[in-house]
Structure formats: C-alpha cells, structure tokens
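This report concerns only the one structure given below.
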Amino acid sequence: MKNQTILKELFLFLLAALPVIYLLVNWSSLPEQLPIHFELSGEPNGYGSKITYIFLPLGIYLLMLVLPFIDPRKSNYEIFSDTYFKLRIIFGLFFGLLTSVIIYNQLHGTEKLGLFMPIFPFLLFTLIGNYMGTIRPNYFVGIKVPWTLNSDEVWTRTHKMAGKLWFWSGLIGIGASLVIKDSFFVLIPIIFIIIVVPIVYSYFIYQKLDK
C-alpha cells in the first residue's frame, strides 16, 4: 500500500513537473512577459513574468498535497481518497495543459488560445461533476456552506445532485460554445447555475431535516 501511494504521488508530481520542464527547456526562446489572463474568446488581456508558469503547476500540486493534513476533518480524506486522487489528476492536467499550450503558442508566434479557452472550463466542470457525488465532508473541496458542513446527510445529498448538475452543465456548455460565438453568454449563466442551485438545494434539505 505504501509503495502504491508513493507511485501515485510520483505520477502527480510528474504531471506538475512536465510543463515546468517544457518551460525551462525553452526559457531562452520565450519573452520575459507571457500572457497570464485571457478573455473568454481566448485573447490575452494581461501579462506577467514567465516565472509565473513555474509556480502555477507546482503550486497547485503542493496545495492539494497539503490540504488533507490541515483540514479539521482530515480523517474523511481517507474515505474518498480515490476521488481526491482523481481530482488532483484533473487539476494537474488542467493547469499543465494550460501552461503547455501558452508556451507552445508563444514559441510558434500566436497568443490566442482559440477554442481551447471557451471549451476547457466546461470540460473541467464535467470531469469534476463526474466525481463530486463521492466527495465526503471537508473544509476545502466541494460545496462548503454551513448547512452542508453541519450535516453529513445534507452534504451527501447535495453533492450527488450537484455532481449530476455539473456533469451535464459542462456537456451542454461544450455544445453551446461551439454554436454561440460569444462564450460569455454561455459560461456566466452556467457558472451561476452550478454554484447557486446546489447551495439553495442544500439549504432547503437542511431546513426540511431540521423540522
């Protein structure tokens, strides 16, 4: 079991390290300032030091490594350890791929991310939604409002509903972004829905159980 844990951690570290290695290999060929903020169309609207792309993937890796040790409900991470591992893979791939695409574009004379930027958030929603129903109560991952943290049943029922909502909203968003040119009119309503609906749903469940 210990060897398996070490192999999993090495795999996650490799996901974080690969885009950094890619950056360092091409360091001298890149400008000092790289795009760090983008419009929904994929056009850059903010720039920063290329050092940012060293700390971004490695920082996300270290953050998700440490969270289970500082969470007051750390024991629950053992219950959903497989899910947490998969979530770490998802975020590692997300930030690693984002970093790599930006570096690749800079090396080949383009800054715009094209379809990558509009579609990728929806893909992230779908992947997270696929595992959200198995997340157990904690203070860092999931829908963390007073009534979900105060009741394990409210937490479980909320996350099972939210998982389905995130999964299908992500798929709908991918399809809609291929049809609607301005992704703002797709992304903002979907973000509102996947955040607000589970919170309201959890509140009503809590009130019902409380009575």
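Values in this text are rule-based calculations from the coordinates and carry no lab data. Everything numeric in this text was worked out from a predicted model, so none of it was measured. Every residue, glycine as well, gets a Cβ built from its backbone with ideal geometry; the counts of neighbours run over all protein chains shown.
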Scoring the chain by relative contact order with C-alpha pairs under 8 Å, at least six apart, yields a percentage of 20 percent
Which cross-chain or sequence-distant (5 or more) residues have an amide H under 5 Å from the amide H of Ile36, H modelled 1.01 Å from N in plane? Gly46, Tyr47, Gly48
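If you stretched the chain out fully between Leu178 and Leu107, how much longer would it get, using 0.36 nm times the residue separation minus the C-alpha to C-alpha distance?
Values: separation 71, 0.36 × 71 = 25.56 nm, distance 2.68 nm.
Taking Leu178 through Leu107 to full extension adds about 22.9 nm, to one decimal.
When the Cα atoms of the range 130-211 are enclosed in a convex hull and the volume is divided per residue, what value in Å³ results? Spell out each step's value before the answer.
Working: hull volume 6.7 nm³, N = 82.
Here the figure is 81 Å³ per residue.
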Centroid-to-centroid separation of the range 170-211 and the range 15-45 [C-alpha atoms, Å]: 30 Å
How large is log10 of I(q)/I(0) for the chain at q = 0.08, 0.12 Å⁻¹ when the intensity is taken from the Debye formula with one equal scatterer per alpha-carbon? -0.34, -0.74
On Cα atoms only, tilt of 184-210 relative to the major axis of the chain in degrees: 20 degrees
Any chance you could list P(r) for the range 66-148, counting all Cα-Cα pairs in 5 angstrom bins from zero, rounded to whole %? 3, 13, 19, 19, 15, 11, 9, 7, 4, 1, 0
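Treating only the Cβ atoms of Lys and Arg (+1) and Asp and Glu (-1) as charged, compute the dipole magnitude of the chain about its Cα centre; round to the nearest 20 debye.
Numbers: 16 positive and 12 negative charges, 119 e Å.
Rounded to the nearest 20 debye, it is 580 debye.
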Hits among lysines - C-alpha to C-alpha of Lys208 under 27 Å, sequence gap 8 or more where chains match: Lys144, Lys160, Lys164
Dipole check, the range 98-168, charges on Cβ (K,R +1; D,E -1), about Cα centroid: among Gly142, Leu107, Pro121 the Cα furthest to the positive pole belongs to Gly142
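Please report, in debye to the nearest 20, how large the charge dipole of the range 1-114 is about its Cα centre when each Lys and Arg carries +1 at its beta carbon and each Asp and Glu carries -1 there.
Details: 8 positive and 8 negative charges, 74 e Å.
Dipole of the range 1-114, to the nearest 20 debye: 360 debye.
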Roughly how tilted is helix 52-70, in degrees to the nearest 10 and between 0 and 90, from the longest Cα axis of the chain? 20 degrees
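When the helices in the chain are scored as -39500 (n - 2.57) per DSSP H run of 4 or longer and the sum is shared across all residues, what 222 nm value do you end up with, to the nearest 500 deg cm²/dmol?
Numbers: 7 runs with 146 residues, N = 211.
Calculated from helices alone, the mean residue ellipticity at 222 nm is -24000 deg cm²/dmol.
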Report the Rg/Rh value for the range 1-114, based on alpha-carbon coordinates and the Kirkwood definition of Rh. 1.05
Please give the helix 81-107 orientation as an angle from the longest Cα principal axis of the chain, in degrees from 0 to 90, rounded to the nearest 10. 20 degrees
Taking 30 Å as R0, compute the FRET efficiency from the Cβ-Cβ separation of Arg73 and Leu18 and round it to 0.05. 0.40
